[in-house]
Amino acid sequence: MDKREGWPDSVVNSARFAGVRVALRFFPRVADDVPACDQKAYSEPLVPFGPLPDNAGAIVAAIEAESPNGASTPIYPALGGALLQGIDVAEDHPGEASAVLLVTDGQPQGPAARCAGVNPEDPDAIADLAARAARYRFPVRTFVIGLPGVNQSFANQVAVAGGTDAAVLVGANNIAVEFQNALAKVTGQALPCEVEVPSQVAGGQVAFDDVNVLFGLDGAPQEVLPQRPGCDGPGWRYDNPASPAALVLCPDTCEAARGASIAKIQILLGCETVIL
C-alpha cells in the first residue's frame, strides 16, 4: 500500500472485519542491494497474514512507524510482488478467497526506465499483471482503493483487469470514514461465490449427495443453505452435475453475501444434502 492518512485504528479493529486475514506491505521499498524492479522483494509482507482484530495492533504499529514517501510510486513491482504472495495464499487455502488490495493516491512512477523489458509506468503493463492473476487456476483478484489525488482512469483500469468492477474512490471530506466504507465494500466483493469441491468428496471418501453448506450473514446464526440446482432462488449448486469440481452460490445468495458486513460459509460433510 502507498501509506497515507485514512487507515486508523477504528478500521482494522472494526467488528465488521473480524476474521478477515490480512497482511500489509508498503511501497516503495527502502533502497538496498536488491534490484528495484524485483517483484519478489515485495512479495514478503511487512506484517504477516493474521486474522483481524488479532492482527490489528501489528498493522497499526507498522503504519504509525512509516513515513510517506512521495518520491516514487513503483506500482509495477509492488503489485507484482503482492500478487505472487496472493497466488501462494490461494494455493495453500483453496477454499478461501485470495485478493490483493492496492491503496494509492498517485499514479505509476518508477522504479526504472525498464523492468525486464517492460515500461513499469505503462498502465497497460500494470493492468496485465492484475489480469493474469485473475485468470490463474486459483484466481487472485485485484481491488483498488484510490485516495484523493489518484489517477482515476488508471485505478479503474487496474481494478477491471483484476476482475473487479471499478476502483473504490475515497473523497477528501472524511477520509477515515470513507476508507472504512470502501474497505467494507472490498471485503464483501472478495467473498468467494465458488468453492472448490472438498478433497474428501473429490477423492470419493464422501458422496456428492452428502454435502451441505452452512451460511450466515451479519452475525446471525448459520443455517443450512439448500442445494437448488436450478438456482431459482437462494441456495447453491454444483458447477457441473455430471462431474462436479466446485460448489457455486446461486446469484441471489452471492449478491446477499457480498452486500453484507459479515458473511460466513462452511462446508459440512457426511449428512444427506438438503435439496429444493
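A few comments on the model shown:
- Largest GNM mean-square fluctuation across ARG141, ARG132, ARG25, computed for the chain with C-alpha springs under 10 Å, falls on ARG132.
- Quarter the surface of the alpha carbon convex hull of segment 9-189 and you get the mean projected area, 10.0 square nanometres.
- Membrane-span-like helices in the chain, defined purely by DSSP H runs whose alpha carbon atoms cover 24 Å or more axially and whose average Kyte-Doolittle hydropathy reaches -0.5, are 75-92.
- Total formal charge among the other residues, if their Cβ is under 13 angstrom from that of GLU91, Lys/Arg +1 and Asp/Glu -1: -3
- Whole-number percent relative contact order across the chain, with pairs defined as alpha carbons under 8 Å at least 6 apart: 15 percent
- Between ALA263 and ASP218, the built amide H atoms are under 5 Å apart, and every one of these is 5 or more places off in sequence or on another chain.
- The helix-based estimate of mean residue ellipticity at 222 nm for the chain, built from -39,500 (n - 2.57) per DSSP H run of four or more residues and divided by its residue count, is -9000 deg cm²/dmol to the nearest 500.
- Alpha-carbon gyration tensor eigenvalues x 5, square-rooted, for segment 194-269, Å: 22, 14, 10
- Build a GNM of the chain with springs between Cα atoms under 10 Å apart, and of ALA82, ALA90, ALA61 the one that fluctuates most is ALA61.
- A Gaussian network model of the chain, with springs between Cα atoms under 10 Å, assigns the largest mean-square fluctuation among SER14, SER243, SER43 to SER243.
- Fewest-first sequence of GLU66, GLU121 by Cβ atoms within 10 Å of each Cβ: GLU66, GLU121
- DSSP bridge orientation in the chain - percent antiparallel, rounded to nearest 5: 65 percent
- Each residue of segment 200-210 is assigned a 3J(HN,Hα), and the resulting list reads 5, 7, 4, x, x, 6, 10, 6, 5, 9, 10 Hz, derived from the Karplus form 6.51 cos²θ - 1.76 cosθ + 1.60 (θ = phi - 60°), x at Gly and Pro.
Each value in this text was obtained by applying a stated rule to the coordinates, not by laboratory testing. Since the structure is predicted, the reported quantities are computational estimates derived from the model, not experimental observations. All Cβ positions, glycine included, derive from the backbone under ideal geometry; neighbour counts span all protein chains shown.
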